[in-house]
Amino acid sequence: MKIISVLGQKGGISKSVISRALAVEAAKAKGARVALVDLDHKQKTATNWAAARRLNDLQPEIRVVGSVDDVGDATTVIIDTPGWTDAGTVQIASLSDLVVLPTGASEDDRRPVVELAFGLEDAGIPLDRIVIVPSRMH
């Protein structure tokens, strides 16, 4: 199983957009069994998106679950996290084969993501498993 987590210290930096795009592309692979974990239980962005896809019969179908414990037989797991970090952030990152940190162009977006990357490194997450992904670049 491959695990990709999309983390960030704030909302509005495209975590959910990137998570959904990764899930769709992973699901297109032959034999892929993808689970998208929606950890933002208040906003439910991925959950609502998957429901809209089912309603409109969009393929590939993406299975969205609310917990890492519910991924079942998935070969690829994408974890869409809420717009904040907490004690579970390092735990999620440590389970991940790849940690994606989206950032916008502004200093308000860049500074927290760099701090998060170094914080994850300090917690033992190797830098070669962390990628910073620019988003919302106008």
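The values are calculated or read from the model by the stated rules, or taken from the named source; none is laboratory data. Everything numeric here is computed off the predicted structure, so don't read it as measured data. Note that we place each Cβ from the backbone using ideal geometry, even for glycine, and neighbour counts take in every protein chain shown. Areas reflect the complete protein model, heavy atoms only, side chains present, ligands, DNA and RNA absent. Shrake-Rupley method; radii C 1.70, N 1.55, O 1.52, S 1.80 Å.
Which one of these does Glu115 not meet: (1) modelled with pLDDT under 95; (2) open to solvent by less than 90 Å² (accessible area, probe 1.4 Å)?
All conditions are met except number (2).
Can you pull out the residues in segment 1-18 that are assigned to a helix (DSSP H, G or I) and open to solvent by 70 Å² or more (accessible area, probe 1.4 Å)? Even if it seems obvious, please write down each step before you answer.
Filtering segment 1-18 for residues assigned to a helix (DSSP H, G or I) gives 15-18.
Correct list: Val17 only.
So which of Ala52, Ala35, Ala21, Ala29 ends up being outside any strand (DSSP E or B) and either buried (at least 16 other Cβ atoms within 10 Å of the Cβ) or at pLDDT below 95 (or both)? Let's see the steps before the verdict.
Working: Ala52 fails: either buried (at least 16 other Cβ atoms within 10 Å of the Cβ) or at pLDDT below 95 (or both); Ala35 fails: outside any strand (DSSP E or B); Ala21 fails: either buried (at least 16 other Cβ atoms within 10 Å of the Cβ) or at pLDDT below 95 (or both).
Matching residue, one of Ala52, Ala35, Ala21, Ala29: Ala29.
Taking the conditions exactly as written (surrounded by 20 or more Cβ atoms within 10 Å (Cβ to Cβ), under 22 Å from Thr45 (Cα atoms) and over 14 Å from the mean Cα position of the chain (by Cα)), does Ala74 satisfy them or not?
Details: surrounded by 20 or more Cβ atoms within 10 Å (Cβ to Cβ): yes; under 22 Å from Thr45 (Cα atoms): yes; over 14 Å from the mean Cα position of the chain (by Cα): yes.
The answer is yes for Ala74.
Is it fair to say Leu120 is open to solvent by less than 20 Å² (accessible area, probe 1.4 Å), in contact with a helix residue (DSSP H, G or I) (Cβ under 6 Å, 6 or more places away or on another chain) and within 18 Å of Val17 (Cα to Cα)?
On the way: open to solvent by less than 20 Å² (accessible area, probe 1.4 Å): yes; in contact with a helix residue (DSSP H, G or I) (Cβ under 6 Å, 6 or more places away or on another chain): yes; within 18 Å of Val17 (Cα to Cα): no.
Judged against the criteria, Leu120 is not a match.
Tell me whether segment 22-39 contains one or more residues that are touching a residue at least 60 places away in the same chain (Cβ under 8 Å) and within 30 Å of Asp108 (Cβ to Cβ). Steps first, please.
So in segment 22-39, the residues touching a residue at least 60 places away in the same chain (Cβ under 8 Å) come out as 22.
Narrowing the set further to residues that are within 30 Å of Asp108 (Cβ to Cβ) leaves 22.
Yes: one or more hits.
Restricting to segment 76-95, name every residue that is free of Cβ contacts under 8 Å to residues at least 24 places away in the same chain and charged (D, E, K, R).
Asp86
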